[in-house]
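J.: First the structure, which I've put down as structure tokens, then a few questions once you've had a look.
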Amino acid sequence: MPFLRSAQMPAPGDALPGRDATMPVRGPHRVLGAPITPPFPDGAREALFGMGCFWGAERIFWRIPGVHTTAAGYAGGYTPNPTYEEVCSGRTGHNEVVRVVYDPARVSFGELVRAFFENHDPTQGMRQGNDVGTQYRSGIYVTGADQRAEAEAARDAFGRVLAAAGHGPITTEIADAGPFYYAEPYHQQYLDANPGGYCNHGPNGFSCPIGLGATGG
């Protein structure tokens, strides 16, 4: 779903006002069968990942064993309960993200971060390939200090790998997760419902030297 939009974050005071009404959410996960809304199982953890168009990003994570459920949505900006059109306008500050709920006894956060870094280009700033705009920036939004530390360590380690190959610095945004707003129902598990749909994700040819050890939170 290529779009060409503003590549500069709006100031908070210039963001669209949004609304109080939340996005409707339908049914369980099309692939995993689990609910995509809370409550989630005891002991489950979550994080948000932005790596360009959320259609392909969500498919990457639902395929990882140990992931309980995923959902496409918006985060990292200012506008409450935005619509897709508003996010694409560049006037909400939000990123297209995937909420990943996982069982830390089966898959580590490091493994998720490794999949994140190895399946998109984290050096492109406010874009991913031909998709240009603030909603396509690379980002990891964490729910704990341990996740932040591991994400930052992975960024630094992978940055050295890319630098050795002549690539520029990583621009991935790493921040505490704020509110997560569900995307419209038709975005959820889009590539399962539309197997031939647009996707610009896949292995970038580099190995991230983290996430290979024992599982943990």
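J.: What do you get for chymotrypsin sites (Phe, Trp or Tyr not before Pro) in the range 44-92 restricted to DSSP loop and a cutoff of at most 13 other Cβ within 10 Å of the site's Cβ? Show your work: numbers first, answer last.
T.: Values: sites: F49, F54, W55, F61, W62, Y74, Y78, Y84; in loops: Y78.
Within the range 44-92, no chymotrypsin sites (Phe, Trp or Tyr not before Pro) qualify (loop, at most 13 other Cβ atoms within 10 Å).
J.: Further, regarding this structure: Find out how many positive minus negative residues lie around S207, taking Lys and Arg as positive, Asp and Glu as negative, among other residues whose Cβ is under 11 Å from that of S207. Don't skip to the answer; put the middle values down first.
T.: Details: positive: R114; negative: E118.
Neighbour charge sum, excluding S207 itself: 0.
J.: Check each of the chymotrypsin sites (Phe, Trp or Tyr not before Pro) in the range 115-217 and keep only those in coil by DSSP with at most 14 other C-beta atoms within 10 angstrom; list them in order.
T.: Details: sites: F116, F117, Y136, Y141, F158, F180, Y181, Y182, Y186, Y190, Y198, F206; in loops: F180, Y198, F206.
Sites meeting the loop and neighbour criteria: Y198.
J.: Still on this structure, I have one more. If you take every residue apart from G73 with its C-beta less than 10 Å away from the C-beta of G73, what net charge results, scoring Lys and Arg +1 and Asp and Glu -1?
T.: Numbers: positive: R99; negative: E58, E96, E184.
Computed value for this residue: -2.
J.: Could you tally the net charge around A154, taking each other residue with its Cβ under 12 Å from the Cβ of A154, Lys/Arg +1 and Asp/Glu -1?
T.: Working: positive: R114, R148, R155, R160; negative: E111, E118, E150, E152, D156.
Residues near A154 contribute -1 overall.
J.: Okay, next question. Which of the trypsin sites (Lys or Arg not before Pro) across the range 60-168 are loop residues per DSSP, with 13 or fewer other Cβ within 10 Å? The partial results should precede the final answer.
T.: On the way: sites: R63, R91, R99, R106, R114, R127, R137, R148, R155, R160; in loops: R63, R91, R106, R137.
Loop-located and lightly packed - R63, R106.
J.: Now for a different question. Got the relative contact order for the range 41-193 handy, in percent, Cα pairs under 8 Å and 6 or more residues apart?
T.: Values: 303 pairs, mean separation 50.5, N = 153.
Relative contact order comes out at 33 percent.
J.: Do the sum for the chain: with -39,500 (n - 2.57) for every DSSP H run of n ≥ 4, divided by all residues, what is the mean residue ellipticity at 222 nm, to the nearest 500 deg cm²/dmol?
T.: Values: 5 runs with 48 residues, N = 217.
Counting only the DSSP helices, I get -6500 deg cm²/dmol.
J.: Give me Rg/Rg_expected for the chain, where Rg uses Cα atoms only and Rg_expected = 2.2 N^0.38 Å with N residues.
T.: On the way: Rg = 16.2 Å, N = 217, 2.2 N^0.38 = 17.0 Å.
Here the answer is 0.95, to two decimals.
J.: Per the Debye formula with a single identical scatterer at each Cα and no solvent contribution, what log10 I(q)/I(0) holds for the range 14-68 at q = 0.19, 0.20 Å⁻¹?
T.: -0.91, -0.98
J.: Per residue of the range 129-143, what does 6.51 cos²θ - 1.76 cosθ + 1.60 with θ = phi - 60° give for ³J(HN,Hα)? Whole Hz please, x for Gly and Pro, Karplus curve as stated.
T.: Residue by residue, the range 129-143 yields x, 7, 8, 10, x, 4, 7, 10, 6, 7, x, 10, 10, 9, 10 Hz.
Laboratory data are not the source of any read-out in this text; all were calculated from the coordinates shown. Owing to the predicted nature of the structure, the values given are computational and were not obtained by experimental measurement. All Cβ positions, even for glycine, are placed from backbone atoms using ideal geometry, and neighbour counts span all protein chains on display.
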